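Data first, discussion second: the structure below is written as structure tokens.
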Amino acid sequence: MNYIDKLYKKIEVYNKRYSNKHKKVAIKLIFWNLIQLIRFNKKYQNNTPEVANKIALYFSGGMGDILIGLNYAYYLLKYFSKSNINIDIYVKNSDMVKTLDGNSIFKIYSVDHIEDKPYLLKIMLVRFPQIIEDNIIISKQRKNSKLLELTKIYKKFYSQNKRFFEYLPYMDGLTNQYSIINGKKRIQQADIGNLLKIDQDFKYKPKISYEKRILNNLNLTVGRYITINRGVDNSGNVIESTKLWSLSNYNELVKLIKQTYSDYKIVQLGASTDRCLFINNTDVNLVGETSIDSLKVLLKNSALHIDSEGGMVHLRKALDGGVSIVLFGPTSPEFYGYYDNVNIYTKACAMNCEWINETWNMHCINQLNEHVCMNTIEPLAVFEQVKQILEKNKERISQ
């Protein structure tokens, strides 16, 4: 007999015995229910499997989101360094993420298996961490003050900002504003309450392999080539994004670079040929031709990377690959830009428009001056920044 059946039967008995004494019935039912709760608790504890001394962390998104998630996981692991707590990573594209990570410090699994075993906590990270399962009370870590503090802060944040979690990705632009107000960039965004002390550099480092072999196969020399990407990654259905600088501008920029710096090879990267238009006069076209392992090597060892805000910029930063020139339009350089990159943008448009509507990355919302944010970035202005970086690079080589 289950609890509901027992309850109905108890009410039936009390109704017959105390039909005119409702207060007495209520008091008896309170005590009876307390006894049931105690029995439930004992039964639950006796039948509950031992909770692993681990946290399961689930995140999704493109390459940049994954890298920022892994960096958050690194800081989370450091936060619990004295508590013997480990972290397992769950993602949709586990094979790609394993290669991206390079078997650094985390075990990475497909999200299809996240229900296979109980964890202390299961946390979903999109922009801010959300606790989706809490088993601390039945674990050996139930008195861990750091663990309890973290869950308290995360749950309070969720209760105060539910729409940040319930209307994703439509709230991304608003979450950006929230983070900017609180002095945080994208890489720091998940650090609610500054509990983990995430700074503006990647402490998480993907492992990299076969550097010499990959560069030799492509006839490239460390620091003697420039990588360029004009395209967005494969995580969405947008191809010609509003985040992209025009192809004609890239063609003009490459022309200017080759006129002055012919000793540098120009390598075009890109997710696939159907997502990336070819730039004229590049020396090596690797659009759709690079594995994740090759991409890591190419980005780490180039003298300069030129791109719109996106995953390759985050990857180069995580690899300590040096400076990138990043062209900003619809998204905020204040939020996404790294302090040691050259972040180029104009103020021709009144504001960044990320997620003002659902098609912001496909169609410019500025009806008075379409795509003015990117169209006002001049190739010559970008080239002037290229010159400064390559001249400094020459000075370092000659020393």
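The values are calculated or read from the model by the stated rules, or taken from the named source; none is laboratory data. Just so you know, these numbers come straight off a predicted model, no measurement behind them. Positions of Cβ are generated from backbone atoms using ideal geometry, with glycine treated the same way; all protein chains shown enter the neighbour counts. For accessibility, only protein heavy atoms count, side chains too; no ligands or nucleic acids. Shrake-Rupley method; radii C 1.70, N 1.55, O 1.52, S 1.80 Å.
Seen against the Cα atoms of the chain and their longest principal axis, helix 3-17 is set at about 30 degrees.
Over the chain, calculate the relative contact order: mean separation of alpha carbon pairs under 8 Å at least 6 apart, over the residue count, as a percent. Relative contact order of the chain: 15 percent. Take every pair of alpha-carbon atoms less than 8 Å apart whose residues are at least six positions apart; their mean separation over the length of segment 219-270 yields a relative contact order of 60 percent.
Computed with a 1.4 Å probe on the full set of protein chains, the accessible area for ASP65 sits at about 60 Å².
Could you grab the relative contact order for segment 278-384? Cα pairs under 8 Å, six or more apart, rounded to a whole percent. Mind dumping the intermediate values first?
Working: 113 pairs, mean separation 19.8, N = 107.
Relative CO of segment 278-384 lands at 19 percent.
Result for the chain in a Gaussian network model with C-alpha springs under 10 Å: among ARG186, ARG224, ARG213, the largest mean-square fluctuation is at ARG213.
Among the trypsin sites (Lys or Arg not before Pro) in segment 246-306, none sits in a DSSP loop with a Cβ that has at most 15 other Cβ atoms within 10 Å.
Tilt of helix 379-398 relative to the longest C-alpha principal axis of the chain, in degrees (0 to 90, nearest 10)? The helix 379-398 is inclined about 80 degrees to the chain.
Under 5 Å between amide hydrogens, which residues at least 5 positions from PHE59 or on another chain qualify, with H placed 1.01 Å from N in the peptide plane? For PHE59, the qualifying residues are TYR90, LEU125. Look at (i) 61; (ii) 53; (iii) 41: the one that is percent of Cα pairs over 29 Å apart derived from this structure is (ii). Under 15 Å of direct C-alpha separation, and excluding same-chain neighbours fewer than eight residues apart, LYS255 reaches these aspartates and glutamates: ASP263, ASP283, GLU378, GLU384. Taking Cβ atoms as reference points and 13 Å as the exclusive limit, the residues near LYS78 contribute a net charge of +2, counting Lys and Arg as +1 and Asp and Glu as -1. With protein chains left intact and a 1.4 Å probe, residues in the chain average 53 Å² of accessible area per residue.
Aspartates and glutamates near LYS140 by alpha-carbon distance under 19 Å, same-chain residues fewer than 8 away left out - which ones? The qualifying aspartates and glutamates are GLU50, ASP88, GLU149.
Cα-Cα over 21 Å: which of LYS296/LYS347; LYS317/LYS392; LYS347/LYS392; LYS98/LYS207; LYS296/LYS317? Flagged as over cut-off: LYS296/LYS347; LYS347/LYS392. In this entry, segment 64-223 is assigned a mean projected area of 11.7 nm², taken as a quarter of its C-alpha convex hull surface.
Rounded to the nearest 10 square angstrom, THR376 shows an accessible area of 50 square angstrom against a 1.4 Å probe. The magnitude of the dipole of the chain, with charges of +1 and -1 set on the Cβ of Lys/Arg and Asp/Glu and taken from the Cα centre, is near 3100 debye. Qualifying chymotrypsin sites (Phe, Trp or Tyr not before Pro) in segment 259-353, where qualification requires a DSSP coil assignment and no more than 16 other C-beta atoms within 10 Å, comprise PHE278, TYR339. Positive-end ranking of LEU218, VAL126, SER159 along the dipole of the chain, with charges on Cβ about the Cα centre, is headed by SER159.
Share of carbon and sulfur in the accessible area of the chain stands at 50%, probe radius 1.4 Å. Ligands, DNA and RNA aside, CYS349 has an accessible area near 40 Å² when probed at 1.4 Å. Taking θ as phi - 60° and the Karplus parameters 6.51, -1.76 and 1.60, the scalar couplings of segment 206-217 work out to x, 7, 10, 9, 6, 4, 4, 4, 5, 5, 5, 4 Hz in sequence order, x denoting glycine and proline.
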